[in-house]
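This report concerns only the one structure given below.
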Amino acid sequence: MSADEALRMGLVNYVYPDDEFRAKAREYADQIANAAPLSVRYIKRLVYQGLNADLLSHLDTLSSHIALVRTSNDHKEAVAAAKEKRAPKFSGT
């Protein structure tokens, strides 16, 4: 399958020329590294557990994680940072 076909089918989100790929991958990695640690942790857990879970169980776990993240200090910080037009400073709590 070609990269363009994978993009068209929704299997990948982006396709970059070879000379741009490393920089774009680094940008994406930096974006994840600068995200709220609690949210990233739960997303990684959901992806891993989703390999062996049925859809209903997966959605149930997702809704529980959303409730936890929405009440976290990091969520409050993200909202405050957005309102104040500044970069958030996440604590992982």
message: Can you compute the modelled spin-label distance between Asn13 and Leu51, with each label point 7 Å from Cα toward Cβ, in nm?
response: 2.0
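Determine how many Å³ per residue the convex hull of the Cα atoms of the chain encloses.
Convex hull of Cα atoms, per residue: 142 Å³.
Identify the trypsin sites (Lys or Arg not before Pro) of the stretch 50-93 meeting these criteria: DSSP loop state and at most 12 other C-beta atoms within 10 Å of the C-beta.
Sites meeting the loop and neighbour criteria: Lys85, Arg86, Lys89.
Could you pull out every whole DSSP H run in the chain that spans at least 20 Å of Cα extent along its own axis and averages 0.5 or higher on the Kyte-Doolittle scale? All intermediate terms of the calculation are to be shown ahead of the outcome.
Numbers: long enough: 18-33 (23 Å, -1.29); 55-70 (22 Å, 0.75).
Helices meeting the criterion: 55-70.
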message: Out of the total accessible area of the chain (probe 1.4 Å, heavy atoms of protein only), what percent is carbon and sulfur?
response: 57
field: Sparsely packed GluC sites (Glu not before Pro) within the chain, loop by DSSP, other Cβ within 10 Å at most 15
entry: Glu84
statement: Per-residue ellipticity at 222 nm attributable to helices in the chain (runs of n ≥ 4 DSSP H, -39500 (n - 2.57) apiece, nearest 500 deg cm²/dmol) works out to -21500 deg cm²/dmol
- prompt: Which value in Å does the Kirkwood hydrodynamic radius of the stretch 1-54 take, with 1/r averaged over all unlike C-alpha pairs and then inverted?
  reply: 13.4
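If you stretched the chain out fully between Arg86 and Glu27, how much longer would it get, using 0.36 nm times the residue separation minus the C-alpha to C-alpha distance?
19.3 nm
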For the chain, accessible area per residue (1.4 Å probe, heavy atoms of protein chains only), Å²: 82
Lysines with Cα under 26 Å of Lys24, excluding same-chain neighbours fewer than 8 positions away: Lys44, Lys85, Lys89
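The values are calculated or read from the model by the stated rules, or taken from the named source; none is laboratory data. All figures in this text were calculated on a predicted structure; none of them were measured in a lab. So basically every Cβ, Gly included, is an ideal-geometry build from the backbone, and we count neighbours across all protein chains shown. The accessibility values were calculated without ligands, DNA or RNA, using every heavy atom of the protein model including side chains. Shrake-Rupley method; radii C 1.70, N 1.55, O 1.52, S 1.80 Å.
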